[in-house]
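The values are calculated or read from the model by the stated rules, or taken from the named source; none is laboratory data. Note that the structure is predicted; figures quoted are calculated from it, not measured. Cβ: placed from backbone, ideal geometry, glycine included. Neighbour counts: every protein chain shown.
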Amino acid sequence: MTSAASEAHSLAEVIDCELRARGSSARASKERAYLKSELVHSGVGVPATRAVVREALRGVELDHDTVIALAEVLWNSASDADGMGGVTSGAPVYELRSAATMVLIQTKDRLGAGDSDFFERLLRQARTWALVDPLACDVIGPLSEHDEGFGPVLERWAVDEDFWIRRSALLAHLRPLREGRGDFARFARFADEMLDEKEFFIRKAIGWVLRDAARKRPELVFDWMLPRAHRASGVTMRELVKHLSPEQRNELLAAKESSRTRAGSG
């Protein structure tokens with residue numbers, strides 16, 4: 001076992017032990033039902049999981065290979081018993097996968113486009129917004145803003161058959177656009193191609209990113225959406241108008257309603 005692998009396994013054991021100690025069977029049952037999850041759940045909330053990871057990594061200098069190894073161990077760790085007292089067939093543990101994403105978030109300065117295949121594998125295996133979104137928003141998003149190597153990756157993800165991968169291509173733009181930075185033109189191109197999709201998680205992601213982009217650049221969002229209002233879903237529209245002026249909001253909603261009226265009369 002390499003030194004990176006050895007250190008990763010030691011840290012993973014600490015994190016696993018601490019999370020088990022904080023588990024709640026009642027919470028595990030509720031979260032598993034809410035997320036419609038097939039993973040093992042221990043019943044530990046996000047703030048508590050984040051605190052465990054932060055404490056485990058305190059004062060520890062991890063190089064790139066150890067970061068990846070630790071995330072791998074946490075992500076792939078399986079359990080034969082869940083936090084509800086039930087037995088599973090060696091399914092991965094949700095809280096450990098959540099901890100893996102937090103490790104990547106906390107150490108993202110050691111990561112880059114060269115790790116995109118690793119990120120993509122996690123996104124494909126995640127199968128839930130609760131794991132996909134922090135990976136896309138808080139790891140890939142900040143990295144892609146400063147690493148041009150992510151450009152071709154996001155372009156490929158935007159046309160992937162897996163809607164979780166397409167959602168990730170959209171959400172990677174959220175944090176930079178929220179701050180008034182980021183590549184709005186690229187996001188807009190991706191969103192335009194997906195605007196007619198029926199998948200809820202795509203519709204929600206488009207609206208979410210536009211909503212946050214409108215915090216700093218409402219005119220940009222308004223001008224882009226107005227000629228497309230007839231194509232936007234209700235989910236998308238309800239999200240994106242939240243930070244627009246009342247006048248802009250009313251004009252967009254009227255444009256969407258007008259298109260529905262014309263379609264109904266036709």
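A few notes on this one:
- Identity of the residue in segment 187-206, within 18 Å of the chain's Cα centre (by Cα) and of a type in the set (D, E, K, R), that ends up farthest from GLU145 (Cα to Cα): GLU199
- Flag if PHE200 is crowded, with 20+ Cβ neighbours inside 10 Å, out of contact with any Ser or Thr (no Cβ under 6 Å at 6 or more places or on another chain), touching a residue at least 12 places away in the same chain (Cβ under 8 Å) and not aliphatic (A, V, I, L, M): no
- So THR101, is it of a type in the set (Val, Ile, Thr), under 22 Å from ALA33 (Cα atoms), in contact (Cβ under 8 Å) with a residue 12 or more places away in the chain and not assigned by TED's automatic domain parsing to the domain that holds LEU62: no
- Tally, over segment 1-34, of residues that are under 17 Å from THR101 (Cα atoms) and at pLDDT 95 or above: 8
- Of all residues making up segment 120-130, the number that are part of a helix (DSSP H, G or I) and under 20 Å from TRP208 (Cβ atoms): 4
- Pairing each residue of segment 68-88 that is farther than 13 Å from PHE118 by Cβ with any residue that is at pLDDT below 60 and not β-branched (Val, Ile, Thr), provided the two are 6+ apart or on different chains, yields C-beta distances under 6 Å for VAL87/ALA81; THR88/ASP82.
- Helices (runs of 4 or more DSSP H) contained in segment 131-210 and holding at least 2 residues closer than 23 Å to LEU226 by Cα and not assigned by TED's automatic domain parsing to the domain that holds THR107: 163-171, 174-178, 184-194
- Scan of segment 165-197 for residues that are over 20 Å from LEU220 (Cβ atoms), in contact with a Lys or Arg (Cβ under 9 Å, 6 or more places away or on another chain) and either free of Cβ contacts under 8 Å to residues at least 40 places away in the same chain or buried (at least 23 other Cβ atoms within 10 Å of the Cβ) (or both), ordered by number: ARG167, ASP196, GLU197
- Checking each residue in segment 232-249 for being under 15 Å from ALA191 (Cβ atoms) and either in contact with a Ser or Thr (Cβ under 8 Å, 6 or more places away or on another chain) or among the polar types (S, T, N, Q) (or both) picks out SER233, THR236.
- Residue match in segment 94-111 (condition: at pLDDT 95 or above, among the polar types (S, T, N, Q) and outside any helix (DSSP H, G or I)): yes
- Meets criteria (closer than 20 Å to CYS137 by Cα and touching a Leu at 6+ places or on another chain (Cβ under 7 Å)) for ALA191: yes
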